[in-house]
There are 6 protein chains.
Amino acid sequence: MENNKRYKAGLDAMEELFSQDVRNGMEGIKNISPDLWEMIVSFGFGDLYSRNTLSYSQREIITLTTLITQGAFDQLRVHLQAALNVGLSKEEIIEIIIHCAGYVGFPKAVHAMGIAGEIFEEI
Amino acid sequence: MENNKRYKAGLDAMEELFSQDVRNGMEGIKNISPDLWEMIVSFGFGDLYSRNTLSYSQREIITLTTLITQGAFDQLRVHLQAALNVGLSKEEIIEIIIHCAGYVGFPKAVHAMGIAGEIFEEI
Amino acid sequence: MENNKRYKAGLDAMEELFSQDVRNGMEGIKNISPDLWEMIVSFGFGDLYSRNTLSYSQREIITLTTLITQGAFDQLRVHLQAALNVGLSKEEIIEIIIHCAGYVGFPKAVHAMGIAGEIFEEI
Amino acid sequence: MENNKRYKAGLDAMEELFSQDVRNGMEGIKNISPDLWEMIVSFGFGDLYSRNTLSYSQREIITLTTLITQGAFDQLRVHLQAALNVGLSKEEIIEIIIHCAGYVGFPKAVHAMGIAGEIFEEI
Amino acid sequence: MENNKRYKAGLDAMEELFSQDVRNGMEGIKNISPDLWEMIVSFGFGDLYSRNTLSYSQREIITLTTLITQGAFDQLRVHLQAALNVGLSKEEIIEIIIHCAGYVGFPKAVHAMGIAGEIFEEI
Amino acid sequence: MENNKRYKAGLDAMEELFSQDVRNGMEGIKNISPDLWEMIVSFGFGDLYSRNTLSYSQREIITLTTLITQGAFDQLRVHLQAALNVGLSKEEIIEIIIHCAGYVGFPKAVHAMGIAGEIFEEI
């Protein structure tokens with residue numbers, strides 16, 4: 001079954017990216033909408049993260065940047081953890097936020113840096 | 001002079017990133033506002049691109065992503081060229097846009113891919 | 001008085017859309033700025049919701065979509081309730097959010113679905 | 001093959017929504033990135049538009065609203081045509097834009113209305 | 001008639017802000033949607049610009065800033081002219097754009113400055 | 001040292017704008033990233049706020065407007081205080097938010113007005 005393959009690939013990607021705790025939290029969506037959950041796993045992680053050409057750490061550079069730019073600070077939290085899990089260092093994450101400052105302005109960069117500080121403390 | 005150093009570092013970064021033609025085009029801003037031009041060179045390129053920790057090609061991954069996310073498609077053109085100049089391949093650029101599709105939606109990803117197609121043709 | 005008519009039409013629309021509790025909460029704005037309050041009622045609800053051509057439930061499809069797209073999640077809460085009040089089902093609301101996922105990306109869709117889950121619980 | 005089914009469903013949905021001319025134009029993306037094209041068809045149209053619960057015309061209300069809100073005016077053109085194709089009237093489309101004015105402000109509403117005027121002329 | 005008063009106040013404000021040419025161009029909206037036109041005049045200009053507490057030139061500082069921030073560059077053109085008409089100098093307009101650079105990032109500031117340069121040339 | 005001058009100018013501007021308490025809060029960023037902190041002070045406040053042509057109160061009109069437009073409501077809090085500190089009245093701040101309503105839509109204007117109400121209470 002093709003769709004089972006996509007779903008399976010998505011679960012594998014999520015295991016690389018997120019801790020068991022984070023994945024449990026994400027499953028709240030499954031209770032509200034099993035269909036959105038299926039799309040997140042199969043498309044968001046199965047079709048996208050499982051592709052070649054870019055590494056997981058390059059993909060997290062993209063993900064952190066787009067979340068900062070659109071002001072999606074809730075999702076930024078889990079992807080800051082994912083970024084660390086796939087091998088980006090704290091210094092590199094801080095550097096991503098600094099680079100963003102010139103492109104999205106200081107308010108979003110400062111907000112993101114504050115959250116990064118919280119995540120770094122927790123680890 | 002500290003500020004001359006920052007300006008000089010910015011010009012050096014711009015030389016790595018952009019062709020002479022693109023840099024000539026950018027100088028249009030200098031005629032309208034020499035002060036904004038000075039900030040772009042000294043802060044935007046001198047303070048940001050000249051930093052360590054991330055390579056130029058990693059910085060262009062960030063830049064392309066934020067421009068796609070905020071719908072800044074004019075600036076995307078020159079940074080698609082910059083991305084190629086600092087060593088990202090067409091395949092990697094296409095992959096960045098595909099990854100963005102899941103995070104910013106298809107309309108902006110499709111718009112970006114159309115522009116990438118035009119830039120790739122010109123080269 | 002034309003303006004009284006517009007204000008009266010706005011109050012009528014708000015009564016269809018929101019519970020007494022929600023309307024009481026909204027009146028906090030009246031204390032800070034009676035003029036903004038008058039505009040919200042007369043223009044936002046009187047001029048817009050009271051028009052023909054689209055039903056209240058079609059208008060709430062528009063409202064939910066724009067709030068999700070702009071990341072206005074506080075206002076999303078009261079309009080999720082309004083959407084239910086004017087006859088959209090939970091299934092339809094979930095479907096609106098799923099459709100948005102392809103257009104605004106997963107982060108905002110997931111955020112919206114989490115809030116929808118909270119509102120559905122409360123009812 | 002599950003994925004062929006999704007792709008086939010996507011092509012069917014696109015046939016309902018877009019004229020042959022518009023679909024030919026869209027295929028430009030296929031030449032630049034066959035993979036993004038496959039995702040647009042299978043996920044964007046196959047997984048999303050082919051679902052139940054909301055009609056095509058309700059889905060176009062959502063699509064027009066999100067495109068206006070995010071300022072994606074290029075894509076707005078083809079979806080204004082799609083909206084007419086699936087049965088929304090000019091009056092309803094105008095009404096969607098008017099309703100948006102209160103939620104996204106006049107600049108984007110005016111921009112959208114100008115484009116709607118152009119599309120209505122062409123038909 | 002209250003509404004006639006609001007409409008009349010709107011036309012008066014528009015006369016202060018825009019040249020006859022610009023106002024003629026704006027009337028294109030009247031042909032597509034007389035109702036949106038009425039709202040723009042009565043609410044956008046009648047209710048908002050005609051208020052006290054802030055001067056026209058202060059209101060144009062706000063308007064230019066929000067248009068730059070949301071990337072509404074078409075509308076920026078007419079409001080750059082309006083800003084000059086109500087007494088802001090070229091230096092002040094350039095300064096507004098420079099201040100914005102730190103808050104919205106360089107891409108939008110550069111785009112805005114390029115348009116300002118074009119408008120300044122035309123005068 | 002040029003850079004020390006820029007940093008010093010930034011600290012001076014921040015002293016005009018923010019209370020000691022707010023400045024202490026901002027220094028949290030210094031612990032996470034001394035480099036971002038240096039840029040905020042030297043570029044954000046030193047290069048931008050210390051310029052001539054616009055007064056501090058005009059600069060805060062710009063700042064409040066861009067923060068409302070981009071939905072940066074956390075930063076809005078400190079800049080509402082700054083706006084009061086540099087001489088804008090409550091009436092003028094309320095008027096800025098009302099003017100924004102027509103340009104960014106009611107949801108962000110209402111959100112901003114709610115926060116303004118909280119800040120006005122605290123003083």
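The values are calculated or read from the model by the stated rules, or taken from the named source; none is laboratory data. Note that the coordinates shown come from a computational prediction; the quantities given were computed from them, not determined experimentally. Here the Cβ positions follow ideal geometry from the backbone for every residue, glycine too, while neighbour counts run over all protein chains shown. Calculation scope for accessible area: heavy atoms of the full protein, side chains included, ligands and nucleic acids excluded. Shrake-Rupley method; radii C 1.70, N 1.55, O 1.52, S 1.80 Å.
Assorted remarks:
- Take the protein assembly as shown with all the other protein chains still there, run a 1.4 Å probe, and you get 37 Å² of accessible area per residue.
- For chain B, the Cα-based Rg and Dmax, in that order, read 14.9, 48 Å.
- Under the convention that each Lys and Arg Cβ holds +1 and each Asp and Glu Cβ holds -1, the size of the dipole of the protein assembly as shown around its Cα centre is about 0 debye.
- Counting only alpha carbon atoms, the long axis of helix A:90-104 and the longest principal axis of chain A meet at about 80°.
- Among the GluC sites (Glu not before Pro) found in region C:6-112, those both in a DSSP coil and sparsely packed, with 16 or fewer other Cβ atoms within 10 Å of their Cβ, are C:GLU27.
- The mean number of partner chain beta-carbon atoms within 10 angstrom of a residue's beta-carbon across peptide A:90-101 is 6.
- Tail fraction, Cα-Cα pairs, region F:55-123, threshold 20 Å, whole percent: 14 percent
- Derived scalar couplings between HN and Hα for region B:55-65 equal 7, 4, 6, 5, 5, 6, 4, 4, 5, 4, 4 Hz in order, rounded to whole Hz, by the Karplus curve 6.51 cos²θ - 1.76 cosθ + 1.60 (θ = phi - 60°), x for Gly and Pro.
- Annotation: C:VAL104 carries an accessible surface of approximately 10 Å², with a 1.4 Å probe and no ligand, DNA or RNA atoms counted.
- Among residues other than D:ALA82 with Cβ under 13 Å from its Cβ, the summed charge is -1 (Lys and Arg +1, Asp and Glu -1).
- Dipole magnitude of region F:55-123 about its Cα centre (Cβ charges: Lys, Arg +1; Asp, Glu -1), debye to nearest 20: 200 debye
- Each copy carries a label point for B:GLU15 at 7 Å from Cα along the beta-carbon vector; from one copy to the others these points are 4.1, 5.1, 5.9, 5.9, 7.5 nm apart, nearest first.
- Label-point spacing for E:GLU122 across the identical copies (point 7 Å from Cα in the Cβ direction), in nm and ascending order: 2.5, 2.5, 4.4, 4.8, 5.1.
- Average beta-carbon neighbours from other chains, 10 Å sphere, peptide F:67-79: 5
- Region B:13-38 and region A:11-25 have their alpha-carbon centroids 45 Å apart.
- Shape of region F:10-53, Cα gyration tensor, a/c cut at 1.5: oblate
- Of the residues F:LYS108, F:LYS90, F:LYS30, the one that moves most in a GNM of chain F with alpha-carbon contacts below 10 Å is F:LYS30.
- Label 7 Å beyond Cα on the Cβ vector: A:SER89 copy-to-copy distances, nm: 2.7, 5.0, 5.6, 5.6, 6.6
- Counting only other chain Cβ atoms within 10 Å of each residue's Cβ, the peptide B:111-119 averages 3.
- Buried between C and B is an accessible area of approximately 400 Å², summed over both sides with a 1.4 Å probe.
- Taking each DSSP H run with n ≥ 4 as -39500 (n - 2.57) and averaging over every residue of chain D yields -23500 deg cm²/dmol at 222 nm.
- Leading residue at positive end of dipole, region C:78-123 (Cβ point charges), from C:LEU88, C:ALA116, C:HIS99: C:HIS99
- Once the gyration tensor of the Cα atoms in the protein assembly as shown is diagonalised, the equivalent ellipsoid follows with semi-axes of 35, 35, 26 Å, ordered largest first.
- Lys, Arg +1 and Asp, Glu -1 on Cβ, resulting dipole of chain F about Cα centre, debye, nearest 20: 280 debye
- Largest accessible area first, the listed residues E:MET26, E:MET113 line up as E:MET26, E:MET113 when surface is computed with a 1.4 Å probe on the assembled protein chains.
- Axis proximity, chain C to F: residue whose C-beta lies nearest, plus whole-Å distance: C:GLY71, 4
- Among C:ALA82, C:ALA109, C:ALA72, residue whose mean-square fluctuation peaks in a GNM of chain C (springs only between Cα atoms under 10 Å): C:ALA72
- Ordered from largest to smallest accessible area (heavy atoms of protein chains, 1.4 Å probe), the residues C:LEU54, D:LEU11 come out as D:LEU11, C:LEU54.
- Apportionment of accessible area to carbon and sulfur, chain C, percent (1.4 Å): 47 percent
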